[in-house]
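Written out below as structure tokens is the structure these notes cover.
The values are calculated or read from the model by the stated rules, or taken from the named source; none is laboratory data. Keep in mind that this is a model prediction, so the values were computed, not measured. Here the Cβ is made from the backbone with ideal geometry for all residues, glycine too, and neighbour counts use every protein chain on show.
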Amino acid sequence: MRFAGKVAVVTGAASGIGKAAVLKLASEGAHVFAADIDEAGGQALAAASNGRIDFIRCDVTQPADIEALMNAAAAKGGGIDIVFNNAGAGGDRAPIDEIAPEGWDRTMDLLLKSVAMGIRYAAPHMKGRPSTKNGGASIVNTASVAAMGAGYSPTAYAVAKAGVLHLTKVAATDLAQYGIRVNAICPGFINTNIFTESLEVPEASKDAAKAIIADMSAHAQPVARGGQPEDIANAVAYLASEDAGFMTGTHMLVDGGLTIGQRHAW
Ligand code: NAD
């Protein structure tokens, strides 16, 4: 029960990694405010939670929505201790020599500005909380293996996620004086809806995409299984907890070894 008495906010909470994180934080005692544009999914999560999870509709591309989310969570919870800025989707898939300025902006708004605004509007509600005295005030941002190198994702997505890593470092230096830690998580390929619903994978390729992610043993990943949302939620819970009280401005790579590559066959 590492989060007993703590108030947490999670974006992108209705599905995949966000949903697993909500359930993990709530299972260890947090009161979780779960935010998403998917109202049906978010409401279902809250309804099954015995009051431990509240759903708040929030489109993270809208700063006013994020401000309202953080204000509402703080008003009901008495403040905020933990924030998981996680909502996201695939963004514009075009290469750099074809991308439209609007597609670039849309991707940055969804994946980078959203995280900046999440920190911006949560931090004032975290200052002065008891959790700031013992390493328990924590912001975790979802980056990706796409931030580790080129070739893991479309261009705009990769750049936005690399931006999340640097934002994490800069925000950590801004907020350390208040006892608020800021870290990032870099998932590898995780079996969620992102590969079928929101990565704008062509309809004909959706089943193949899901099969590849579900069975990474067929691909160059040392841990020969698909990553699951719970693999990431466990790491997020660690970063959110006092166990990680000396960690700030850094990231955790949870990718089954994808980025180190496989052992040579010869
Ligand atoms: P997912 O599609 O299962 O969940 C994403 C959630 O975000 C959905 O519930 C969706 O409704 C919500 N969302 C999308 N746009 C939103 C918006 N504008 N405002 C609020 N909510 C919004 O996907 P996931 O894999 O769980 O993705 C979560 C995060 O993890 C994303 O930031 C993604 O980029 C990142 N990520 C995923 C993987 C992976 O392999 N699945 C790898 C690296 C990083």
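Descriptive notes on the structure:
- Conditions (1) polar (S, T, N, Q); (2) in a helix (DSSP H, G or I); (3) within 14 Å of the ligand (Cβ to nearest atom): number failed by residue 177: (3)
- Scanning the stretch 69-79 finds one or more residues that are under 19 Å from residue 129 (Cα atoms) and either of a type in the set (Ser, Thr, Tyr) or in contact with a Cys (Cβ under 8 Å, 6 or more places away or on another chain) (or both).
- Residue list for the stretch 180-195, restricted to those being out of contact with any Pro (no Cβ under 8 Å at 6 or more places or on another chain) and either closer than 15 Å to residue 87 by Cα or near the ligand (Cβ under 8 Å from one of its atoms) (or both): 184, 185, 186, 187, 188, 189, 193, 194, 195
- Test: residue in the stretch 155-169 that is in a helix (DSSP H, G or I), polar (S, T, N, Q) and either at pLDDT below 95 or within 30 Å of residue 4 (Cα to Cα) (or both): yes
- Among the residues listed as 44, 35, the single one being in a helix (DSSP H, G or I) and modelled with pLDDT of 95 or more: 44
- The set of residues in the stretch 12-31 being touching an Asp or Glu at 6+ places or on another chain (Cβ under 8 Å) and farther than 16 Å from residue 239 by Cα consists of 12, 13, 14, 15, 31.
- Looking across the stretch 143-173, the residues that are closer than 22 Å to residue 120 by Cα, more than 14 Å from the ligand (Cβ to nearest atom) and either hydrophobic (A, V, I, L, M, F, W, C) or touching a residue at least 24 places away in the same chain (Cβ under 8 Å) (or both) come down to 169, 170, 171, 172, 173.
- Any chance residue 214 is aliphatic (A, V, I, L, M), without any contact (Cβ under 8 Å) to a residue 40 or more places away in the chain and surrounded by fewer than 20 Cβ atoms within 10 Å (Cβ to Cβ): yes
- Test result for residue 92, closer than 24 Å to residue 182 by Cα, more than 10 Å from the ligand (Cβ to nearest atom) and surrounded by fewer than 24 Cβ atoms within 10 Å (Cβ to Cβ): no
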